[in-house]
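**Student:** What follows is a single structure, and I will ask about it in a moment.
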Amino acid sequence: LDAQAVSWAGAYGLTQLLLESGRAAGKLLTPPVEVPAAEALLDPRVNARLGAALLGSQVRKFGGNLGLALGAYNAGDDTALVWWKRHAGAPFDVFAEEITIKETRGYVKRVLTTFGIYRWLYAGATPTLPIEETLPAR
């Protein structure tokens, strides 16, 4: 992992936050964290807190569905809301295959796959992923 990473899209640090997203996430924390410039997102301690706050807020916003929240984290809340509206109640695997942005479709699958592997490694037995079979109703 590269704490100094800057993507082609202008996302910074370990959790690859855009400046606007980092500022919004900072307001979610208690006490709030001010993000005066993009360089602040290169501090791994700040970046990790902001990324966790943002993902947590998206999990809550998207009915607890990690797949939708990851889609929002990568493509933005407005885009994920369109997908949720279109696929509410649909099987999760259908939704995942029909994510309209190729990069986001791959991102959601990679993160959930990696999450499943680590959960299996550290949880023992046969854990299940915290993904419902269908998307939540809106």
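Nothing in this text is a laboratory measurement; each read-out follows from the coordinates by a stated rule. This one's a predicted model, so the numbers in the text were calculated from it and none came from an experiment. Note that we place each Cβ from the backbone using ideal geometry, even for glycine, and neighbour counts take in every protein chain shown.
**Student:** Which whole number in µm²/s is D for region 64-138 by Stokes-Einstein, with the Kirkwood Rh taken over Cα pairs at 25 °C and 0.890 mPa s?
**Tutor:** Rounded, D is 194 µm²/s.
**Student:** Using a cut-off of 15 Å between alpha-carbon atoms, which aspartates and glutamates can reach K85, once sequence neighbours fewer than 8 places away in the same chain are excluded?
**Tutor:** Hits, sequence-local ones excluded: D77, E98.
**Student:** Sticking with this structure for a sec: What number in nm² do you get for the chain if you take the convex hull of its Cα atoms and divide its surface by four?
**Tutor:** Spelled out: convex hull of the Cα atoms, projected over all directions, averaged, 8.8 nm².
**Student:** Kindly provide the chymotrypsin sites (Phe, Trp or Tyr not before Pro) of region 1-73 that DSSP labels as loop, not H, G, I, E or B, and whose Cβ sees at most 16 other Cβ atoms within 10 Å.
**Tutor:** Loop-located and lightly packed - W8.
**Student:** May I ask you to evaluate 6.51 cos²θ - 1.76 cosθ + 1.60, the Karplus curve with θ = phi - 60°, for each residue of region 13-23 and list the ³J(HN,Hα) values in order in whole Hz, giving x for glycine and proline?
**Tutor:** Each residue of region 13-23 in turn: x, 4, 9, 6, 9, 6, 4, 4, 5, x, 5 Hz.
**Student:** Binning at 10 Å from 0, report for region 1-61 what percent of all alpha-carbon pair distances ends up in each bin.
**Tutor:** 27, 58, 15, 0
**Student:** Roughly what angle does helix 44-61 make with the longest principal axis of the chain, taking Cα atoms, 0 to 90 degrees, to the nearest 10?
**Tutor:** The angle comes out near 40 degrees.
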